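Asker: Below: one structure in C-alpha cells.
The values are calculated or read from the model by the stated rules, or taken from the named source; none is laboratory data. Values in this document were obtained by computation on a predicted structure and should not be read as measured data. Heads up, the Cβs are rebuilt from the backbone with ideal geometry, glycines too, and the neighbour counts pull from every protein chain shown. Only protein heavy atoms, including side chains, enter the accessible area calculation; ligands, DNA and RNA are left aside. Shrake-Rupley method; radii C 1.70, N 1.55, O 1.52, S 1.80 Å.
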Amino acid sequence: MPRKKKPVIEYRHYSLPINFPILLLSGERWKISDIKSEHLHFHNHLEIGICHSDSGIMEIKGESVPFKAGDVTFIPRYLPHTTYSSPNEASLWSYIFFSPEDLFQQSFKSAYSNFEPNLWAIKGTNCILNKEEHPKVYTLATSVVEELKQKNPYYQESAYGLLLSLYIELLRIHSRYEPLVNQETEHSLKGDFVISPVLEYITKNYM
C-alpha cells in the first residue's frame, strides 16, 4: 500500500509598515478562486480575514470548514491552511495582518507569554466565526478595515483601539473553546506541521 502523500506547505512572508505595523489587504484583487490549491500555506503574522461575498471552504489542519459572506476568520501565525470558493464563485475578502506580541505588549499590564492560541490545541471550526453568532467580532473587524481604508484624522489611534478590542474578543472565544490535546493527537499533528513550532521558537528567541 503506497504511503500517504504529505502535504506541501508554503511559507508566505508579509512585511508590516514600520510607522504603523498593521497591514491591510483589500479590494477587488482579493477574490478567492474556486480552484483548490495543491499547497497549504502559512504566514509570519496573525491573519484576520473578512469574507464579504459568496462562500467556500477553508482547510485547516486537515479539517474542511465551510465559510460564507459575513464570516470572520482568525488564523494564528504558522498555522497551515488554504482557502477556495464554492464552484463558479469568487469570494471577496479583506485581510488584516499584524503581530499581537509586537503591537499589544505595552497594552497588557500583566505578564503575557502566549499572545496567540496553542497551534496544537486550536480547532479549525473555531477559526471561522459567523456574523450571526459573533456580531461583535464582525462589527469590530469591519470597523478596523474601514478606518485603515478611509484614513481619517486619528485613524491609527482608532484602528489600534478597535483591533485591540477585537483581539481580546478572539482570545476570549478561543480560551472558552480550546480543547485539551492528548499526546497521541499532538504527535500525529506534528508529523505534518512540525515546522510550525520551530518557527515559533525562532521568532521568540531570535536574538
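Asker: Taking the stretch 83-106 only, how many residues are at pLDDT below 95 and either charged (D, E, K, R) or farther than 24 Å from Lys149 by Cα (or both)?
Answerer: Number satisfying all stated conditions: 4.
Asker: Does Ser99 qualify as being exposed (fewer than 15 other Cβ atoms within 10 Å of the Cβ) and under 22 Å from Gln156 (Cα atoms)?
Answerer: The answer is no for Ser99.
Asker: Can you tell me which residue among Pro87, Pro66, Pro76, Pro80 is closer than 18 Å to Ala141 by Cβ and not β-branched (Val, Ile, Thr)?
Answerer: Pro76
Asker: Looking only at residues in the stretch 43-77 that are assigned to a strand (DSSP E or B) and open to solvent by 40 Å² or more (accessible area, probe 1.4 Å), which one is nearest to Leu166 (Cα to Cα)? Talk me through it step by step, then tell me what you get.
Answerer: From the stretch 43-77, those assigned to a strand (DSSP E or B) are 43, 46-51, 55-60, 63-68, 72-75; that's our starting set.
Applying the additional criterion that residues be open to solvent by 40 Å² or more (accessible area, probe 1.4 Å) yields 57, 63-64, 66, 68.
Numbers: Ile57: 24, Glu63: 25, Ser64: 25, Pro66: 22, Lys68: 20 Å.
Only one residue tops the list, namely Lys68.
Asker: So, one more: Open to solvent by 40 Å² or more (accessible area, probe 1.4 Å), closer than 20 Å to Leu16 by Cβ and either out of contact with any helix residue (DSSP H, G or I) (no Cβ under 6 Å at 6 or more places or on another chain) or among the basic types (Lys, Arg) (or both), is that true of Glu147?
Answerer: No, not satisfied.
Asker: Filtering the stretch 12-42 down to residues that are within 15 Å of the chain's Cα centre (by Cα) and without any contact (Cβ under 8 Å) to a residue 40 or more places away in the chain, which residue is most open to solvent (accessible area, probe 1.4 Å)?
Answerer: The selected residue is His13.
Asker: Does Ala111 satisfy the criteria of being open to solvent by 80 Å² or more (accessible area, probe 1.4 Å), of a type in the set (A, V, I, L, M, F, W, C) and at pLDDT below 95?
Answerer: Numbers: open to solvent by 80 Å² or more (accessible area, probe 1.4 Å): yes; of a type in the set (A, V, I, L, M, F, W, C): yes; at pLDDT below 95: yes.
Yes.
Asker: List, please: which pairs have Cβ atoms under 6 Å, are six or more places apart or on different chains, and start with a residue in the stretch 91-104 that is among the polar types (S, T, N, Q) and end with one that is modelled with pLDDT under 95 and not in a helix (DSSP H, G or I)?
Answerer: Ser99/His45
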